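The values are calculated or read from the model by the stated rules, or taken from the named source; none is laboratory data. What you are looking at is a predicted structure, and each value in this text was computed from that prediction instead of being measured. Please note: Cβ atoms are built from the backbone with ideal geometry, for glycine as well, and neighbour counts cover all protein chains shown.
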Amino acid sequence: MPPRKPDADDDLFDDEHDDNFDSAEQDDLDDEFDLFDDDDRVGRLPADEPYGDDNPIFADPNESLPPDRARSRRAMLGVPELDDEDEAPYSPTRAVQDAIIEQVNDLLEDEWEWDSAAEKAYEALVIDPTYGRAANALLRCYLTHHALREMQHALIKLFNPNDEERFNQRQRIAAYSYRVLSRADFWLHWDEGVPLELADVKGTIEAGQHALRRAYFSGEERDLQEARATFKTALDRAADRSGLMWYLARLYADKGYFADSAALLGALIAAVPNHANALRLHAEMLWWRDHSWQIPWIH
(Lines give C-alpha, C1' and ligand atoms only; values in the text may rest on other atoms or scores of the structure.)
Protein backbone atom coordinates (compact mmCIF):
# COMPACT_ATOMS: atom_id res chain seq x y z
CA MET A 1 0.00 0.00 0.00
CA PRO A 2 1.53 3.37 -0.95
CA PRO A 3 1.85 6.13 1.66
CA ARG A 4 -1.46 7.85 2.44
CA LYS A 5 -1.77 11.29 0.89
CA PRO A 6 -2.46 14.14 3.33
CA ASP A 7 -5.62 16.19 2.97
CA ALA A 8 -5.63 18.64 0.09
CA ASP A 9 -5.49 21.62 2.43
CA ASP A 10 -2.46 20.39 4.35
CA ASP A 11 0.19 23.09 4.68
CA LEU A 12 2.73 20.59 3.43
CA PHE A 13 1.31 21.03 -0.06
CA ASP A 14 1.04 24.80 0.22
CA ASP A 15 4.79 25.39 0.54
CA GLU A 16 5.65 27.98 -2.06
CA HIS A 17 9.15 26.56 -2.22
CA ASP A 18 8.06 23.07 -3.32
CA ASP A 19 9.74 21.91 -6.49
CA ASN A 20 8.18 20.52 -9.66
CA PHE A 21 10.27 18.38 -11.97
CA ASP A 22 9.70 17.23 -15.52
CA SER A 23 10.40 13.58 -16.31
CA ALA A 24 13.99 14.15 -17.47
CA GLU A 25 14.88 16.12 -14.36
CA GLN A 26 13.26 13.52 -12.12
CA ASP A 27 15.29 10.73 -13.76
CA ASP A 28 18.46 12.70 -13.05
CA LEU A 29 17.43 13.24 -9.45
CA ASP A 30 16.55 9.58 -9.07
CA ASP A 31 20.10 8.72 -10.03
CA GLU A 32 21.58 11.22 -7.59
CA PHE A 33 19.19 10.50 -4.72
CA ASP A 34 18.86 6.73 -5.09
CA LEU A 35 18.93 5.36 -1.56
CA PHE A 36 20.11 2.00 -2.81
CA ASP A 37 23.32 3.32 -4.35
CA ASP A 38 24.70 4.24 -0.94
CA ASP A 39 25.58 1.25 1.22
CA ASP A 40 26.13 3.51 4.22
CA ARG A 41 22.52 4.73 4.19
CA VAL A 42 20.43 1.63 3.70
CA GLY A 43 20.23 -2.00 4.65
CA ARG A 44 21.95 -1.77 8.04
CA LEU A 45 19.73 -2.31 11.03
CA PRO A 46 20.83 -1.09 14.46
CA ALA A 47 21.27 -4.65 15.70
CA ASP A 48 23.71 -5.32 12.85
CA GLU A 49 26.22 -2.85 14.26
CA PRO A 50 29.29 -4.25 16.07
CA TYR A 51 29.74 -3.40 19.70
CA GLY A 52 32.62 -3.49 22.12
CA ASP A 53 35.35 -1.35 23.64
CA ASP A 54 36.96 -0.69 20.26
CA ASN A 55 33.82 0.89 18.80
CA PRO A 56 33.08 4.34 20.28
CA ILE A 57 29.61 4.43 18.69
CA PHE A 58 28.27 2.74 21.79
CA ALA A 59 29.74 5.13 24.30
CA ASP A 60 26.52 5.82 26.15
CA PRO A 61 25.35 9.37 25.30
CA ASN A 62 22.14 8.85 27.25
CA GLU A 63 23.34 8.72 30.83
CA SER A 64 21.11 11.67 31.75
CA LEU A 65 17.97 9.98 30.39
CA PRO A 66 15.42 8.29 32.66
CA PRO A 67 16.26 4.57 33.02
CA ASP A 68 13.39 3.37 30.82
CA ARG A 69 14.29 5.70 27.95
CA ALA A 70 18.00 4.90 28.23
CA ARG A 71 17.23 1.17 28.20
CA SER A 72 14.96 1.61 25.19
CA ARG A 73 17.66 3.52 23.31
CA ARG A 74 20.27 0.86 24.04
CA ALA A 75 17.90 -1.88 22.92
CA MET A 76 17.19 0.06 19.73
CA LEU A 77 20.91 0.11 18.96
CA GLY A 78 21.39 -3.56 19.75
CA VAL A 79 23.50 -2.97 22.84
CA PRO A 80 23.21 -5.89 25.26
CA GLU A 81 22.18 -5.29 28.84
CA LEU A 82 24.93 -6.36 31.22
CA ASP A 83 22.69 -6.75 34.25
CA ASP A 84 20.17 -9.23 32.90
CA GLU A 85 20.11 -11.06 36.21
CA ASP A 86 18.79 -7.94 37.92
CA GLU A 87 15.92 -7.35 35.47
CA ALA A 88 12.30 -7.86 36.45
CA PRO A 89 10.71 -11.24 35.59
CA TYR A 90 9.23 -11.62 32.12
CA SER A 91 5.83 -9.94 32.35
CA PRO A 92 2.47 -10.64 30.69
CA THR A 93 2.77 -7.21 29.05
CA ARG A 94 6.04 -8.22 27.40
CA ALA A 95 4.49 -11.52 26.32
CA VAL A 96 1.66 -9.69 24.54
CA GLN A 97 4.09 -7.28 22.88
CA ASP A 98 6.37 -10.10 21.77
CA ALA A 99 3.42 -11.99 20.28
CA ILE A 100 2.53 -8.90 18.21
CA ILE A 101 6.15 -8.47 17.16
CA GLU A 102 6.16 -12.05 15.88
CA GLN A 103 3.20 -11.05 13.69
CA VAL A 104 5.30 -8.13 12.44
CA ASN A 105 8.11 -10.53 11.59
CA ASP A 106 5.71 -12.81 9.72
CA LEU A 107 4.38 -9.91 7.66
CA LEU A 108 7.89 -8.70 6.82
CA GLU A 109 8.67 -12.01 5.14
CA ASP A 110 6.96 -10.26 2.23
CA GLU A 111 8.47 -6.76 2.06
CA TRP A 112 5.44 -5.48 0.18
CA GLU A 113 3.59 -5.83 3.50
CA TRP A 114 5.82 -3.29 5.27
CA ASP A 115 2.89 -0.91 5.77
CA SER A 116 0.69 -3.51 7.48
CA ALA A 117 3.69 -4.64 9.51
CA ALA A 118 4.30 -1.06 10.68
CA GLU A 119 0.71 -0.79 11.88
CA LYS A 120 1.22 -3.97 13.91
CA ALA A 121 4.43 -2.54 15.36
CA TYR A 122 2.51 0.53 16.52
CA GLU A 123 0.06 -1.80 18.29
CA ALA A 124 2.98 -3.19 20.27
CA LEU A 125 4.34 0.28 21.02
CA VAL A 126 1.01 1.54 22.37
CA ILE A 127 1.14 -1.15 25.07
CA ASP A 128 4.52 0.11 26.27
CA PRO A 129 6.36 2.75 24.18
CA THR A 130 9.60 2.19 26.13
CA TYR A 131 10.07 -1.40 24.91
CA GLY A 132 13.14 -1.36 22.68
CA ARG A 133 12.19 -4.49 20.76
CA ALA A 134 8.90 -2.90 19.69
CA ALA A 135 10.69 0.29 18.65
CA ASN A 136 13.17 -1.75 16.62
CA ALA A 137 10.33 -3.68 14.95
CA LEU A 138 8.87 -0.43 13.61
CA LEU A 139 12.26 0.74 12.38
CA ARG A 140 12.73 -2.52 10.48
CA CYS A 141 9.45 -1.86 8.67
CA TYR A 142 10.65 1.57 7.54
CA LEU A 143 14.04 0.19 6.45
CA THR A 144 12.66 -2.37 4.02
CA HIS A 145 13.64 -1.64 0.43
CA HIS A 146 10.03 -1.20 -0.63
CA ALA A 147 9.33 1.37 2.10
CA LEU A 148 12.49 3.29 1.26
CA ARG A 149 11.72 3.25 -2.44
CA GLU A 150 8.13 4.44 -1.99
CA MET A 151 9.16 7.26 0.33
CA GLN A 152 11.98 8.26 -2.01
CA HIS A 153 9.55 8.80 -4.87
CA ALA A 154 7.00 10.55 -2.64
CA LEU A 155 9.56 12.98 -1.23
CA ILE A 156 11.33 13.80 -4.47
CA LYS A 157 8.13 15.36 -5.80
CA LEU A 158 8.05 17.88 -2.95
CA PHE A 159 11.64 18.42 -1.79
CA ASN A 160 14.87 19.01 -3.66
CA PRO A 161 17.32 16.52 -2.10
CA ASN A 162 20.32 18.57 -3.26
CA ASP A 163 19.20 21.79 -1.59
CA GLU A 164 20.46 21.52 1.99
CA GLU A 165 19.98 25.25 2.53
CA ARG A 166 16.23 25.30 1.89
CA PHE A 167 14.53 26.81 4.92
CA ASN A 168 13.88 24.17 7.59
CA GLN A 169 13.71 21.42 4.98
CA ARG A 170 14.67 18.61 7.35
CA GLN A 171 11.89 19.59 9.76
CA ARG A 172 9.35 19.62 6.95
CA ILE A 173 10.51 16.27 5.59
CA ALA A 174 10.15 14.72 9.05
CA ALA A 175 6.65 16.18 9.44
CA TYR A 176 5.57 15.02 5.99
CA SER A 177 7.02 11.55 6.56
CA TYR A 178 5.18 11.10 9.83
CA ARG A 179 1.84 12.22 8.38
CA VAL A 180 1.91 9.96 5.33
CA LEU A 181 3.14 6.96 7.35
CA SER A 182 0.75 7.21 10.29
CA ARG A 183 -2.43 5.18 9.88
CA ALA A 184 -4.11 6.44 13.07
CA ASP A 185 -7.84 7.05 12.56
CA PHE A 186 -7.78 10.49 14.17
CA TRP A 187 -5.89 11.88 11.16
CA LEU A 188 -8.63 10.96 8.68
CA HIS A 189 -10.62 14.13 9.32
CA TRP A 190 -7.93 16.38 10.78
CA ASP A 191 -8.59 20.08 10.37
CA GLU A 192 -6.41 22.81 11.84
CA GLY A 193 -9.47 24.99 12.27
CA VAL A 194 -10.22 25.72 15.91
CA PRO A 195 -13.06 23.46 17.14
CA LEU A 196 -16.25 25.11 18.36
CA GLU A 197 -15.73 23.81 21.89
CA LEU A 198 -12.53 25.90 22.11
CA ALA A 199 -14.20 29.14 21.00
CA ASP A 200 -13.43 30.83 24.32
CA VAL A 201 -9.69 30.90 23.46
CA LYS A 202 -9.95 30.90 19.65
CA GLY A 203 -8.07 34.18 19.16
CA THR A 204 -5.16 33.05 21.34
CA ILE A 205 -4.96 29.67 19.58
CA GLU A 206 -4.91 31.32 16.15
CA ALA A 207 -2.09 33.64 17.23
CA GLY A 208 -0.12 30.58 18.34
CA GLN A 209 -0.87 28.86 15.02
CA HIS A 210 0.60 31.77 13.08
CA ALA A 211 3.78 31.65 15.15
CA LEU A 212 4.03 27.86 14.72
CA ARG A 213 3.67 28.13 10.94
CA ARG A 214 6.45 30.71 10.85
CA ALA A 215 8.66 28.36 12.86
CA TYR A 216 7.77 25.46 10.57
CA PHE A 217 8.74 27.27 7.38
CA SER A 218 11.65 29.36 8.66
CA GLY A 219 13.17 27.22 11.40
CA GLU A 220 13.47 30.26 13.67
CA GLU A 221 13.61 29.26 17.35
CA ARG A 222 12.06 32.55 18.48
CA ASP A 223 8.90 31.77 16.50
CA LEU A 224 8.66 28.34 18.12
CA GLN A 225 9.11 29.88 21.56
CA GLU A 226 6.39 32.41 20.78
CA ALA A 227 4.03 29.61 19.73
CA ARG A 228 4.71 27.68 22.93
CA ALA A 229 4.12 30.74 25.12
CA THR A 230 0.91 31.63 23.30
CA PHE A 231 -0.46 28.11 23.56
CA LYS A 232 0.39 28.05 27.27
CA THR A 233 -1.68 31.19 27.72
CA ALA A 234 -4.57 29.48 25.95
CA LEU A 235 -4.22 26.41 28.18
CA ASP A 236 -4.33 28.58 31.28
CA ARG A 237 -7.59 30.19 30.13
CA ALA A 238 -9.45 27.39 28.35
CA ALA A 239 -12.59 25.94 29.89
CA ASP A 240 -11.95 22.62 28.12
CA ARG A 241 -8.27 22.17 28.98
CA SER A 242 -8.16 18.48 28.03
CA GLY A 243 -9.80 19.18 24.68
CA LEU A 244 -7.26 21.91 23.96
CA MET A 245 -4.36 19.66 24.91
CA TRP A 246 -5.58 17.01 22.45
CA TYR A 247 -5.97 19.61 19.71
CA LEU A 248 -2.52 21.13 20.32
CA ALA A 249 -0.87 17.71 20.49
CA ARG A 250 -2.13 16.97 16.97
CA LEU A 251 -1.16 20.44 15.77
CA TYR A 252 2.42 19.97 16.98
CA ALA A 253 2.57 16.43 15.54
CA ASP A 254 1.29 17.64 12.16
CA LYS A 255 4.19 20.08 11.96
CA GLY A 256 6.81 17.56 13.13
CA TYR A 257 7.35 18.96 16.63
CA PHE A 258 7.27 15.51 18.16
CA ALA A 259 8.78 16.39 21.55
CA ASP A 260 6.22 19.16 22.16
CA SER A 261 3.39 16.84 21.18
CA ALA A 262 4.69 14.03 23.41
CA ALA A 263 4.94 16.40 26.40
CA LEU A 264 1.34 17.54 26.00
CA LEU A 265 0.12 13.98 25.54
CA GLY A 266 1.90 12.81 28.69
CA ALA A 267 0.03 15.44 30.68
CA LEU A 268 -3.26 14.61 28.94
CA ILE A 269 -2.92 10.88 29.64
CA ALA A 270 -2.19 11.64 33.30
CA ALA A 271 -5.50 13.51 33.46
CA VAL A 272 -7.49 11.15 31.21
CA PRO A 273 -5.81 7.70 31.44
CA ASN A 274 -8.29 5.93 29.13
CA HIS A 275 -7.98 8.36 26.21
CA ALA A 276 -7.34 5.72 23.51
CA ASN A 277 -6.43 8.20 20.77
CA ALA A 278 -4.01 10.01 23.06
CA LEU A 279 -2.34 6.72 23.98
CA ARG A 280 -1.84 5.88 20.31
CA LEU A 281 -0.49 9.31 19.38
CA HIS A 282 1.75 9.32 22.45
CA ALA A 283 3.35 6.04 21.33
CA GLU A 284 3.87 7.48 17.84
CA MET A 285 5.35 10.73 19.15
CA LEU A 286 7.79 8.99 21.49
CA TRP A 287 9.03 6.84 18.63
CA TRP A 288 9.40 9.69 16.16
CA ARG A 289 10.99 11.91 18.80
CA ASP A 290 13.60 9.31 19.74
CA HIS A 291 14.18 7.32 16.56
CA SER A 292 13.33 9.30 13.44
CA TRP A 293 17.00 10.22 13.12
CA GLN A 294 17.61 6.62 12.04
CA ILE A 295 15.35 6.89 8.99
CA PRO A 296 17.68 7.43 6.00
CA TRP A 297 15.48 9.75 3.96
CA ILE A 298 15.14 12.25 6.83
CA HIS A 299 18.84 12.61 7.58
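Worth pointing out:
- When the range 240-285 is limited to residues that are surrounded by 23 or more Cβ atoms within 10 Å (Cβ to Cβ) and not in a helix (DSSP H, G or I), the one that is farthest from the chain's Cα centre (by Cα) turns out to be Lys255.
- Residue in the range 162-184 that is more than 18 Å from the chain's Cα centre (by Cα), of a type in the set (S, T, N, Q) and not in a helix (DSSP H, G or I) present: yes
- Qualifying residue in the range 290-297 (condition: among the hydrophobic types (A, V, I, L, M, F, W, C), part of a loop (DSSP other than H, G, I, E, B) and in contact (Cβ under 8 Å) with a residue 60 or more places away in the chain): yes
- From the list Asp200, Asp240, Asp260, the lone residue that is within 30 Å of Cys141 (Cβ to Cβ), of a type outside the set (Val, Ile, Thr) and in contact (Cβ under 8 Å) with a residue 24 or more places away in the chain is Asp260.
- Lys202 of a type in the set (D, E, K, R) and in the same structural domain as Tyr252 (by TED's automatic domain parsing): yes
- Qualifying residue in the range 147-154 (condition: surrounded by fewer than 17 Cβ atoms within 10 Å (Cβ to Cβ), more than 16 Å from the chain's Cα centre (by Cα) and farther than 13 Å from His291 by Cβ): yes
- Residue within the range 123-132 that is assigned to a helix (DSSP H, G or I), β-branched (Val, Ile, Thr) and within 17 Å of Ala99 (Cα to Cα) present: yes
- Residues being among the charged types (D, E, K, R) and farther than 24 Å from Arg149 by Cα - total across the range 96-138: 5
- Against the criterion of being within 15 Å of Trp288 (Cβ to Cβ), of a type in the set (Lys, Arg) and not assigned by TED's automatic domain parsing to the domain that holds Ala239, Arg172 qualifies.
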